[in-house]
Amino acid sequence: MFDIIRKSLKTGIVTAKYPQSPAEVSSQARGRPEIDFAHWKDARPAVAACATGALAFTDEGRERTVTFDLAKCTFCGLCAESAAAIRMTRQYELAARRREDLKMVARYELAAEGAQSKLLSLSGPNGCASEPIDSPHGCDPRRRGPSPGYAIGASANEEARTASLESVGTQLNERVSQVLGRSLHIREVDAGSCNGCEVEIVGLNSPVYDLERFGIHFVASPRHADMLLVTGPVSRNMELALRKTYNAMPEPRLVVAVGACGCSGGIFGRNYATLGGVDKVLPVDIYIPGCPPNPCALLQGILLAIGKLYSRA
Amino acid sequence: MLPGLEPIVSDLTERFRAHVNGVRLERANEVYLDADVEAVPGVCARLYRNWNGRLVSLFADDARQESAMFHLYYVFGLDAAHGFIVLRVPVAPGQARFTSLSNAVPAANWQEREIQDLFGLKLEGHPNPRRCALHDDWPEVYPLRKDFPLCAALPPFQGERHKFRNVEGEGVFQVPVGPVHAGIIEPGHFLFSVAGEPVLYLQIRLFYTHKGTEKLFENIPVAHGVRLAESISGDSSFAHATAFCHAIERAANVQAPPRARALRTICLELERLYNHIADIGAIATDVAFAVANAHAMRLKERVLRLNEMLTGNRLLRGMACLGGVRFDWEADQIGALKAFTGELRPEFDSLVQLIQASSSTRDRLETTGILTPETARDLGVVGIAGRASGFDHDLRRDFPHAAYDRARFLVPVYRQGDVLRRMQVRIDEVGESLGIMDQIIQGLPPGGIATPLPPLPPNAVALGYVEGWRGEIFHWIRTGGGDRLARCKVKDPSLQNWPALSEAILGNIVPDFPVVNKSFNLSYSGTDR
Ligand code: SF4
């Protein structure tokens, strides 16, 4: 007994300060890729390198349409290795309320060799690089560390993000108590994941992320749950169980799709055994991209979802 | 051919002269015997009984396009000879049937049924030929036949109608659990038959997470297969991806450069570390020792952060690539790794002390969930569970891959086969892991980190293998034309080990099931694919 207490005292507090301050992410971490469309000459190598189909393009005459779907991306960084105009950032707070918010479509006119292509239109999530990237960053290990303008919290955009997140964090207890009587209960369902997402979701309960300090708990039964946290591309064999779990929940209820597979089917997509994402089966309130999303990315998504529940109630 | 394999191969070719049509030496430790289907029971029994061979993988391949035949492959591991003998037999599409081995080699049970489900080759003489990989509501489709399209649209799932076996008697009742469980774990269904507290019989229904992975491998470029392999079982991302790369490299006749093999070894050990530490914590939680788990989770988080610092991803994803690894490490990264192993050792020891000082914890773990060495051998149980039940085996030592031939380490083996020993194997292995990492860092070879791959020859076959943290992982591939595979068979150790859980739980009480299950910690996704 005394040994246990002594060890606890010796260890001290290990809980991460997130979301009050940005999460500790290694300088090597790969978050979402960023594309400099204007300087992207040949899209083919990067699209061929992408195993998930997150990157795709079609050419019509001199006009190229590129789509980048964050919901499918696993942040592997292979596209950035094959195209100088793509670089990996460390951004991981990517949760979105709508599936469309994760899709980016760029149309541009291909220019002759040496000249800059003309961007005709760009739609999709904000924060995408439209300014030129001077040199490739990619995954080249010799060019490590935050490059100017892209590091977390460095750009104005990022600062606004962190600030807003912080306020979300401070408002959190208030909202949770107003809507749910001080606590949010989550039921996790694995609808065919590879268990990578589970490795990180379990981490939310660790003393490092300590979800319970926000009044958020994982519960054993959907009947006690306000939120369904779903991973996996939804295998054919899990569809019914997923529906039944959802139907057992009381209103108001939220559904959060976790990971590339949950958001879009990921590398599995839709095939004879998978349905291609949680929103093929249930109405999804929040999408959390990542493969797997790290615990802070999960936390951000959950906090965003609570905001949504608040506005709905 | 490895000298150890020679007497075995000549014994088999002599004895089964009438049925063995050819011997192909694909690699020094990988020999193929082409035989008639009649030879299967005899050859397998001979390998199993006389040569101490283990059936490590059993699968089918639709080669109707190339040779108008299905092929069955029986892969035997000969641990003492450090080699594999692969028996290949043709099955004519007109007589799509094969004889079960399960009565003689119980390890064949699930794998044979999987072939029946996915290829439509009918099993004869199997003690329990019910569906396994495809649930009972699936229409009559055979997904791994070449004429079945990857994206075939099937009618929606109407619910599992599995015919569980009836267990009857006074006071006997059934406790169904799953597929959605109470904790944050993967889906599967367990049906307990109990009389009072003790479990009389446990039926396990899996394949809820079947994702068509093996079919998908045949439909994507080979390089993309590495990323798919990372998603077979998330907690073994690097091990599966490396086993896949190993198979492709063997087919292409190239070897990853020494530095890449060293980095692979370290990554494999990091994967082992975070999983073993997490499991030790989880076993403690399941007997209500939450403080130990909190410390374990804290240490696991440190490993995950180190993973990210070394490879850009907390689960080591993106690190593996064909011919080697993708990222080299600089001096500061290697320094951090060194410092880490130094810091983790005392931290981990103190966690172990905490657990071992708790007599009530020991009381719950000792003699709980016993898997006897005899049962383990019959079921072909491998990995941690095998070593806790007397099976002295580890691919890292017996079939050295990556850079394991350059490290000295011990393979812990216990005979009691209870939860405590499965935890003890993990504890011992964490220590060995740190030792392996130190040795590899010490002698980290310079040079490149990836060998460029030549174009793959068509119709080449190769077996890739890795000792993952859970146990041995095999990827067997046959190349197709161009940049495609004709077949990729994935064998996760979980598939082999699940039936052992049904044995280990017998006579234990239902409330002990979580801790027994956790002590095996098998991958549902790796099994179901
Ligand atoms: S980082 Fe994303 S977009 Fe780029 S190749 Fe990987 S999965 Fe595709």
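The values are calculated or read from the model by the stated rules, or taken from the named source; none is laboratory data. Given the structure is predicted, the values throughout are model-derived calculations rather than measurements. Glycine also receives a Cβ, built like all others from the backbone with ideal geometry; neighbour counts cover every protein chain displayed. Protein only, heavy atoms only, side chains kept; ligands, DNA and RNA dropped before computing areas. Shrake-Rupley method; radii C 1.70, N 1.55, O 1.52, S 1.80 Å.
Here are the numbers for the structure shown:
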item: Antiparallel %, DSSP beta bridges [both residues in chain B], to 5; result: 85 percent
item: The stretch A:226-313 shape via C-alpha gyration tensor axes, a/c threshold 1.5; result: oblate
item: Diffusion coefficient, µm² s⁻¹, Stokes-Einstein with Kirkwood Rh over alpha-carbon pairs of chain B at 25 °C and 0.890 mPa s; result: 103 µm²/s
item: Size descriptor, Kirkwood hydrodynamic radius, that averages inverse alpha-carbon separations across the stretch B:213-528, Å; result: 19.8 Å
item: With every protein chain in place, the stretch B:165-234: carbon and sulfur % of accessible area (1.4 Å); result: 57 percent
item: Interface residues, the stretch A:231-257 - accessible area loss of 40 Å² or more versus chain alone, probe 1.4 Å; result: A:R236, A:N237, A:M238, A:L240
item: Shape category assigned to the stretch B:466-512 from the gyration tensor of Cα positions, a/c cut at 1.5; result: prolate
item: Share antiparallel - DSSP beta bridges, the stretch A:168-312, percent rounded to 5; result: 10 percent
item: For B:204-214, mean number of other protein chain Cβ atoms within 10 Å; result: 6
item: Partners for B:K163 among lysines (Cα-Cα distance below 26 Å; same-chain residues under 8 apart left out); result: A:K244, B:K122, B:K211
item: In Å, descending, principal axis extents of the Cα set of the protein assembly as shown; result: 77, 69, 57
item: Percent of beta bridges antiparallel (DSSP, the stretch B:6-124, rounded to nearest 5); result: 75 percent
item: By average C-beta atoms within 10 angstrom, highest first, the peptides A:11-24, B:451-464, A:72-85, B:499-512; result: A:72-85, B:499-512, B:451-464, A:11-24
item: Listed peptides A:294-301, B:135-142 by packing density, highest first (mean Cβ within 10 Å); result: A:294-301, B:135-142
item: Relative contact order (percent, whole number), the stretch B:159-226, Cα cutoff 8 Å, 6+ residue spacing; result: 22 percent
item: Over 31 Å between alpha carbons, listed pairs A:K72/B:K491; A:K103/B:K491; A:K7/B:K518; A:K72/A:K118; result: A:K103/B:K491
item: Theoretical ellipticity at 222 nm over the protein assembly as shown - DSSP helices of four or more residues, -39500 (n - 2.57) apiece, nearest 500; result: -11000 deg cm²/dmol
item: Ordering of A:184-190, A:260-266, A:36-42 by burial proxy (mean other Cβ atoms within 10 Å per residue, highest first); result: A:260-266, A:184-190, A:36-42
item: The stretch A:168-312, accessible surface, carbon-and-sulfur percent (1.4 angstrom probe); result: 48 percent
item: Relative contact order of the stretch B:374-420, defined on C-alpha pairs under 8 angstrom at six or more residues apart (%); result: 41 percent
item: Solvent-accessible area per residue, Å², over the protein assembly as shown with all protein chains present [probe radius 1.4 Å]; result: 35 Å²
item: Protein heavy-atom accessible area occluded, B/A pair - total, 1.4 Å probe, Å²; result: 5600 Å²
item: Kirkwood Rh and Cα Rg combined as Rg over Rh, evaluated for the stretch B:294-347; result: 1.02
item: Accessible surface of the stretch B:6-124 [probe 1.4 Å, protein heavy atoms]: carbon and sulfur percent; result: 49 percent
item: Relative contact order of the stretch B:213-528, pairs being alpha-carbon contacts under 8 Å that are 6 or more residues apart, as %; result: 28 percent
item: Built amide H within the under 5 Å cut-off of B:R97, gap 5+; result: B:K122
